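Single-structure report; data block below.
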Amino acid sequence: RYFIDWKNDVDSYFTIDATEGTIATNELLDRESTAQYNFSIIASKVSNPLLTSKVNVIINVLDVNEFPPEISVPYETSVCENAKPGQVIQTVTAADKDLSPAGQRFSFRLSAEASNKPNFTVHDYRNNTAGIETRRNGYSRRQQELYFLPVVIEDSSYPVQSSTNTMTIRVCRCDSDGTILSCNVEAIFLPVGLSTGALIAILLCIVILLVIVVLYVALRRQKKKDTLMTSKEDIRDNVIHYDDEGGGEEDTQAFDIGALRNPKVIEDNKIRRDIKPDSLHFPRQRPPVEDNTDIRDFINQRLQENDVDPAAPPYDSLATYAYEGNGSVAESLSSIDSLTTEADQDYDYLSDWGPRFKILADMFGEEESYNPDKVT
């Protein structure tokens, strides 16, 4: 019988037939993760299992060309604005994840869509390297800052694998010797020969001018406000706000409002307390207030007396009295004089008030005329 000497998890990738001794794979193998396996096989006699022997087995995983080659870093390069045609700006190499056999070669070429553009070209040196060369006499950052060059790389294994790698070429400003001076984005908008210090000086001048303009506008507005303001002695342009609340009923001590609220009360003659009279005048005898005297006649009577009174103050006075008056169509709404029973009241006048009071007329009218089912 044949057995695998299990020592680690690597042995689980293979299995062996106990009778025939045939070794087979138990799982999918990947050469990129593990290229070689090493384990032991034990053989024992069926009649006597104590008689055994051991042998080491080494299995090498062969490579299959399944990964395409790729450009080794860097994927980005630069070109000077004053570059000449045929100048090499970058040398590229390739890398393959597969185990390359001896003598494997990589080939480099431009993609079909980029071969028609006369900007750059790829020169294959036939030694697994290639050079990126210019095809124009000078480049302008103002017209185009970045160029994208698709490069196709193929290997020589079977089956042939290829990939397209896009390189980024940035246009930079260089000196006469080809040394790069600036590749910044803001350098595109600078004229030729303008340094960074000059740009900073220009920006500072612009900021100073803006500050001067803002200060000038602020001063002009301040002068306009000063011309509109007049002297403080002119009271017409001074608005003074007072938050003092009035004294309320204390300000009306000069008037006896109780007499107007209840004309039936005989008021006592009092000396005015809001002014100091020059001389003492004896009050005139006023006729007593008759019963059922209208409040308007009472006010007119008091008005005539004050018009001829020399002790009246020489200014206008306004008094507002909470008096409703009489003559209301609905009469008094108070329940004091209401009838004792609802049957003694007469609601026939509700039917004369129009259709809006029809429901009330039906409810408070004759009992036989009211039907609750008709009320909506």
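Taking the 1.4 Å solvent-accessible surface of region 2-60 as the whole, the part contributed by carbon and sulfur is 51%.
Remark: region 70-176 carries 54 Å² of accessible area per residue (probe radius 1.4 Å; ligands, DNA and RNA excluded). Solvent-accessible area per residue in region 2-60 equals 71 Å², computed with a 1.4 angstrom probe and all protein chains kept.
For region 70-176, carbon and sulfur atoms together expose 47% of the accessible surface, with a 1.4 angstrom probe and every protein chain in place.
Net charge in the neighbourhood of ASP63 (other residues with Cβ under 14 Å of its Cβ; Lys, Arg +1, Asp, Glu -1) is -4.
Neighbours of CYS80, meaning other residues whose beta-carbon lies under 12 angstrom from its beta-carbon, give a summed charge of +2 when Lys and Arg score +1 and Asp and Glu score -1. At a temperature of 25 °C and a viscosity of 0.890 mPa s, determine how fast region 70-176 diffuses translationally according to Stokes-Einstein, using the Kirkwood radius over alpha-carbon pairs as Rh; express D in µm²/s, rounded to the nearest whole number. D, rounded to a whole number, is 168 µm²/s. All other residues whose Cβ lies under 11 angstrom from that of SER44 are scored, Lys and Arg at +1 and Asp and Glu at -1, for a net of +3.
The values are calculated or read from the model by the stated rules, or taken from the named source; none is laboratory data. If you're wondering where the values come from, they're calculated on a predicted model, not measured in any experiment. Cβ atoms come from the backbone with ideal geometry, glycine included; neighbour counts cover every protein chain shown. Note: accessible area is taken over every heavy atom of the protein model, side chains too, but ligands, DNA and RNA are not part of it. Shrake-Rupley method; radii C 1.70, N 1.55, O 1.52, S 1.80 Å.
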